[in-house]
1. Round to the nearest 0.05 the FRET efficiency obtained for I94 and M141 when R0 = 22 Å and r is the Cβ-Cβ distance.
2. Which residues does the label zone of V48 cover in region 56-92, counting backbone N under 16 Å from a point 7 Å along Cα→Cβ?
3. Kindly put D112, D118 in sequence by how many other C-beta atoms sit within 10 Å of each C-beta, fewest to most.
4. Please give the FRET efficiency for V107 paired with R82, using the beta carbon to beta carbon distance and R0 = 41 Å, rounded to the nearest 0.05.
5. What list of ³J(HN,Hα) couplings, whole Hz, do you get for region 56-63 from phi and the Karplus terms 6.51, -1.76, 1.60, once you set θ to phi - 60° and write x for glycine and proline?
6. Order these by the 10 Å Cβ neighbour count, fewest first: L91, L45.
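Read-outs: derived from the displayed coordinates by stated rules, not from any lab. Computed from a prediction, not measured in an experiment: that's the story for all the values here. Glycine gets a Cβ as well: all are built from the backbone with ideal geometry, and neighbour counts include every protein chain shown.
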Amino acid sequence: MYPVYATTHPYGGPGAPPPAPLYGAPLVPVRRNGLGTAALVLGILATVVSWIPVVGLALALVTVGLAISALRRVGRRQATNRGATVTGLVLGVIALVISLALTAALVYFRDDVRTYYDCVKSSGSNATVQQACQEQLRQAMQP
């Protein structure tokens with residue numbers, strides 16, 4: 001016959017030591033994805049409002065700054081949303097380019113635009129005068 005050894009039962013039972021006390025869930029590093037998500041949301045918003053020169057420019061700059069900060073967190077493995085962060089950065093850069101181009105055009109043509117605005121404002125609802133204002137603006141912007 002075989003010798004009998006004291007064995008422990010895997011699920012407790014005779015000879016099994018008591019289970020170790022549990023003090024909560026194991027520690028998992030907290031992922032801080034807020035900046036990347038904010039960069040994505042602001043990137044979408046900045047792209048939509050990039051046609052408004054000053055507002056689009058400010059929002060695009062904030063978006064690019066948030067996205068760069070979020071990419072640093074991703075690089076340090078504090079965040080996991082690299083895709084959303086990169087998408088926010090790309091949208092922020094696109095909005096920045098559009099806003100800069102429109103702001104530069106507005107600054108360059110500010111006198112012509114001001115003249116057009118005054119012309120349209122003084123025309124009231126007279127369509128013929130408004131068309132003449134548009135033609136005057138076109139001629140002023142021709143090289």
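1. Working: r = 25 Å, r/R0 = 1.13.
E between I94 and M141, to the nearest 0.05, is 0.30.
2. In region 56-92, the label zone of V48 (backbone N under 16 Å from the point 7 Å along Cα→Cβ) covers 56-57, 59-60, 63, 88, 91-92.
3. On the way: D112 15, D118 11.
Neighbour counts put them in this order, fewest first: D118, D112.
4. Values: r = 37 Å, r/R0 = 0.90.
For V107 and R82, the calculated efficiency is 0.65.
5. Listing the rounded values in order: x, 5, 5, 5, 5, 5, 5, 4 Hz.
6. On the way: L91 25, L45 19.
With the fewest neighbours first, L91, L45 line up as L45, L91.
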